[in-house]
Amino acid sequence: STRIGLPAADERGAGALDIVRFREPATGAESRTKGSLFVVAQVTGEGAALARATGEALEALEHDYYYDMSVGALGALSKALAGANRRLFHQRGRLGIPRRGAVSVVALVVRGREGHLAKLGPAAAVIVRAGRMYELPPPPTAAEEDPRIRTRQVAETLGEALEVQPFTWQGELTPDDRIALLSRNLADVVGTDELQQAISTLRPAAAAEHLQQLFRIRGGVGSDGVLALEVIELAATAT
């Protein structure tokens with residue numbers, strides 16, 4: 001199971017448009033087959049049209065993931081994110097989304113002891129395990145020659161290109177793993193050391209609150225989305 005921590009809505013800056021969503025199914029069948037979905041969208045720019053389009057794209061991402069039974073969890077998540085990208089690509093002109101408006105999405109599925117992650121753009125995901133923090137998925141090396149990697153690096157925002165290939169990761173989760181999905185802007189302002197310290201030592205709600213306060217104290221403005229998770233192990237008899 002997971003404990004989650006979200007930023008306080010009434011303490012966010014006026015220009016913060018980032019969106020945080022999560023869905024933890026209540027039915028056992030859906031929980032076993034699709035797991036829990038956590039999403040953070042880093043929104044750079046301004047305007048109600050951009051925020052509204054991003055919200056609609058994330059709703060479509062959630063729907064597409066949970067109702068796609070044709071592939072496994074990671075495949076469905078990757079397809080759902082690519083679908084959200086196509087949605088914004090076609091809506092930019094109609095909704096008047098500014099050229100400089102950018103949307104980056106990182107989405108994580110926790111299903112049993114498995115983690116599945118897909119992302120596009122600079123929004124980040126980190127995991128703290130055994131006192132060490134790692135970025136998910138690991139960034140490609142400078143010597144990476146895979147042409148698919150080069151193609152994926154081109155798209156920094158949803159809607160920039162019609163077809164994209166998200167970065168993906170899947171792996172086993174263990175009890176006491178701490179995970180955070182967050183805006184790259186927030187991570188840059190608070191710093192790596194403070195980020196690791198908060199995630200590894202505080203409960204998710206306290207970690208999210210601390211990072212938000214630190215972001216504001218250090219003069220951070222704009223994108224500030226964060227969602228913190230703690231993986232916990234339940235006894236077989238627990239409900």
Taking only protein heavy atoms and a 1.4 Å probe, what accessible area per residue, in Å², does the chain have with all protein chains in place?
49
Taking all protein chains in place and a 1.4 Å probe, what share, in percent, of the accessible surface of the range 1-102 do carbon and sulfur account for?
51
The chain, dipole about Cα centre (Lys/Arg Cβ +1, Asp/Glu Cβ -1), debye to the nearest 20
420
Tell me, what are the semi-axes, in whole angstrom and largest first, of the equivalent ellipsoid of the chain as set by the roots of 5 times the Cα gyration tensor eigenvalues?
25, 22, 18
Which of 82, 36, 123, positive extreme of dipole for the chain (C-beta unit charges):
82
Interchain or sequence-distant (5+) residues whose placed amide H lies within less than 5 Å of the amide H of residue 177 are 231
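The values are calculated or read from the model by the stated rules, or taken from the named source; none is laboratory data. From a predicted model like this one, the values you see are computed outputs, not experimental measurements. As a convention, Cβ positions derive from the backbone with ideal geometry for all residues, glycine included, and neighbour counts pool all protein chains shown. Heads up: the accessible areas ignore ligands, DNA and RNA and are worked out on the full protein's heavy atoms, side chains in. Shrake-Rupley method; radii C 1.70, N 1.55, O 1.52, S 1.80 Å.
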